[in-house]
1. Specify the residue that is nearest to the other protein chains (Cβ to nearest Cβ); the eligible residues are those in the range B:215-267 that are closer than 27 Å to B:Y414 by Cα and touching an Asp or Glu at 6+ places or on another chain (Cβ under 6 Å).
2. Filter the range B:353-364 for residues that are open to solvent by 30 Å² or more (accessible area, probe 1.4 Å) and in a loop (DSSP other than H, G, I, E, B) and give the result.
3. When you scan the range B:124-132, do you find a residue that is within 14 Å of chain A (Cβ to nearest Cβ) and within 17 Å of B:A48 (Cβ to Cβ), even just one?
4. Would you confirm whether any residue within the range A:382-389 is within 11 Å of another protein chain (Cβ to nearest Cβ), without any contact (Cβ under 8 Å) to a residue 40 or more places away in the chain and buried (at least 23 other Cβ atoms within 10 Å of the Cβ)?
5. Can you name the condition, by its number, that A:G350 falls short on among (1) in contact (Cβ under 8 Å) with a residue 24 or more places away in the chain; (2) touching a Ser or Thr at 6+ places or on another chain (Cβ under 7 Å); (3) at positive phi?
6. In the list A:V116, A:V134, A:V120, which residue meets the criterion of being within 15 Å of A:L90 (Cβ to Cβ) and surrounded by fewer than 24 Cβ atoms within 10 Å (Cβ to Cβ)?
7. Return a yes/no flag: does the range A:399-407 have any residue that is under 26 Å from B:T210 (Cα atoms), among the hydroxyl-bearing types (S, T, Y), within 14 Å of another protein chain (Cβ to nearest Cβ) and in contact with a strand residue (DSSP E or B) (Cβ under 8 Å, 6 or more places away or on another chain).
8. Given the condition in contact (Cβ under 8 Å) with a residue 60 or more places away in the chain, open to solvent by less than 40 Å² (accessible area, probe 1.4 Å) and polar (S, T, N, Q), answer yes or no: does some residue in the range B:365-379 qualify?
Number of protein chains: 2
Amino acid sequence: MTTRGYATGPAPNAKWKYVPQSGSYPQGFNVGGIHCGVKKDGKSLDLALVTSELPCSAAAVFTKNVFKAAPVVMGREMLDKRKGYGIRGLVANSGCANAVTGKGGMEDALAMGRGVDKLVGEEESSTLVMSTGVIGQRLPIKKILDGIPEAYKILAQSHEAWLNTAKAICTTDTFPKLCSKSFTFPGSSTTYKIAGMAKGAGMIHPNMATLLGFMATDAPVSPEALQNILTHAVERSFNAISVDGDMSTNDTVALLANGAAGGKTVEAGTEAEAVLRAVVTEFAEELSKLVVRDGEGATKFVTVSVKDANNFADAKQVASTIARSPLVKTALYGRDANWGRILCATGYSGIDGIVPEKTNVSFIPTDGSPELKLLVNGEPENVDEERASEILAMEDLEIRVSLGTGKGGEAAYYTCDFSHE
Amino acid sequence: MTTRGYATGPAPNAKWKYVPQSGSYPQGFNVGGIHCGVKKDGKSLDLALVTSELPCSAAAVFTKNVFKAAPVVMGREMLDKRKGYGIRGLVANSGCANAVTGKGGMEDALAMGRGVDKLVGEEESSTLVMSTGVIGQRLPIKKILDGIPEAYKILAQSHEAWLNTAKAICTTDTFPKLCSKSFTFPGSSTTYKIAGMAKGAGMIHPNMATLLGFMATDAPVSPEALQNILTHAVERSFNAISVDGDMSTNDTVALLANGAAGGKTVEAGTEAEAVLRAVVTEFAEELSKLVVRDGEGATKFVTVSVKDANNFADAKQVASTIARSPLVKTALYGRDANWGRILCATGYSGIDGIVPEKTNVSFIPTDGSPELKLLVNGEPENVDEERASEILAMEDLEIRVSLGTGKGGEAAYYTCDFSHE
């Protein structure tokens, strides 16, 4: 069986460029990651802790899998009960998913949350919990409960602290996934920050199906607006990446807003909500793309963009079908300009209104040079194979399919190639 | 780019056992395969011809892909026009799919059919056409039209002739797929024959998405009964195999019945139809399983059987989701009893009424030894890893998932593992 070690030391050279050397992080969040002993190697970071000095608005998107891990069930119940108000932080472990663990697993998830609640002085459950790793095994809960106060002691707001937190949610990721950026609202001088991390990688490793995302901002946002924003963003980011195509029992993306930077609260349906939605969507795209880049054996990052469909949903359906096609992914690795496979996938995507005579397929190089047309209005172009393999040799590539409906619906999906590694 | 040569000589040892050394074939069908020059190597068989001495009832199931190759469009129109009566044979070429070839491609497909019609003395279009190979290129139509009379000269009813015909529809298959068997109807002494061939293989080769199937029987069957039978059979065979998960522009499965063995015509809705449906379904399963066994790099043949679902459609949906999961396929290759992945796939299959507490997962060995229970009523078993890898080391394996609905709906899906080959 192929095995990849847990990501501990410096990331492999090829991926190192995706790990930030610095960042600017939201106010009022204290973070840290330690090794508490879930991971057997005795050293890899496996417990991540985030606390907010102020109570946060919280939003989350959870896996749709029928088999939901204990922390997913617990987190949904808590957010429903609290209507997204008064959340104080997040505790996450890697190495064990606490999935398919029955009543005992629920107790473990609740105990993890309580462990943090006590430290921040909350009576009521106010801490999100995430777990990732092996399915069907109970957590070494004592190690985790002993670890939480240890992690609490070393919480900080530094880049290093955020990087360690990002490392602590990794399983077989080859590099930690961390992003941060600043933003402002039109007509306001206040600078806000958003930071986030993601966990997830590659195609074919036993425990790699799980996708975790965590984002935090110091902007003040109502829970309703925050959930609108996150749902929109996830649909275009974490739910628009195809790595192994499976959906795990633990997939969770959460967003906290503590308002520590002050200013007027962003309410649902306002212009400010639209501004923040754009900021968070772009940020979530950036984070989720790092997961694709960590695809096991992936040599290429591919954006499949579908234009001029009837609507966003149709465009995404086609983009997703192309991105998930093993034949397309393999052709990309083979540097084979096989538009036939792209067309095939388009043709069985199952949406209405695809007209062969209106369908266009192109490769878009990332160096700004002109697109390479493969199929124009259903007619194959006389493709310059040399130019095609030039483009296919690039690490980043866009496949563009235009359906010519005149409706302008569009969506993008992000994927990697299937290599033989 | 990985390349596999066209199957020409003896199949590789490992697969040789699946190529029959003899067979008993239906009366009144004359078949043959030759090299006409579509394949560039100058020798591989690439033109298959089947003619019936008597006009046949014909049924076919075609690809649902929006982008249909010319022979698919032509075949559907012909069968509609003739209501399935009076079909005289099949001509098929490998090496070029005649797909995405516009009006010229349609003319080529019609010309191929006419080439055979003339030889068998039919005015009206009465020959099915199939093509498989590269997409987006015109057929070398002159070579094919010159080849048809050559093929016609060497038509025969021998095992060798059937085997050559099966070889002539192969592209990158590593062995020809041919089956034949005899059957009778209750209360009748007449022995009937059915023979058939399939084309299709493996996961990741450029031109391998296409799946072709052709079956012929000397039983007398009405076109309506024949289509009922074929639709039922294909749903449980050619549409129940997962190799690369893609659906091509050319996929076609056809069934001809010429009645040469005499007896009473099988009509729709009769008991005889039910008998023949069972015969053809089992036969089609046998043929389609050979396609799975030819999966590129496949080391294992896996039957995913789902029991006790609400109905056949739900059961098939779950079986198909498990069979197509890259994580499941890779775990199988890794001999990793990762029931978590099987459960995951079950959980995101999208059907209603999956209850974790009622879900069971087992491995069924093929040597008759007892099943290995992995999950019982949603609770993980303490799995004997040694026993698990024993079972996973077998070439054939069954994964059984029982949904415990009490409704008894069941279905099977056939797949292979993902190896690193």
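The values are calculated or read from the model by the stated rules, or taken from the named source; none is laboratory data. Note that the structure is predicted; figures quoted are calculated from it, not measured. No Cβ is skipped: glycine too gets one built from the backbone with ideal geometry, and neighbour counts run over all protein chains shown. What goes into the accessible areas is simple: the full protein's heavy atoms, side chains included, and nothing from ligands, DNA or RNA. Shrake-Rupley method; radii C 1.70, N 1.55, O 1.52, S 1.80 Å.
1. The selected residue is B:S237.
2. B:G353, B:V355
3. Within the range B:124-132 (the criterion being within 14 Å of chain A (Cβ to nearest Cβ) and within 17 Å of B:A48 (Cβ to Cβ)), the answer is yes, since at least one residue qualifies.
4. no
5. So the condition that A:G350 fails would be (2).
6. A:V120
7. Within the range A:399-407 (the criterion being under 26 Å from B:T210 (Cα atoms), among the hydroxyl-bearing types (S, T, Y), within 14 Å of another protein chain (Cβ to nearest Cβ) and in contact with a strand residue (DSSP E or B) (Cβ under 8 Å, 6 or more places away or on another chain)), the answer is no, since none of the residues qualifies.
8. No, that holds for no residue.
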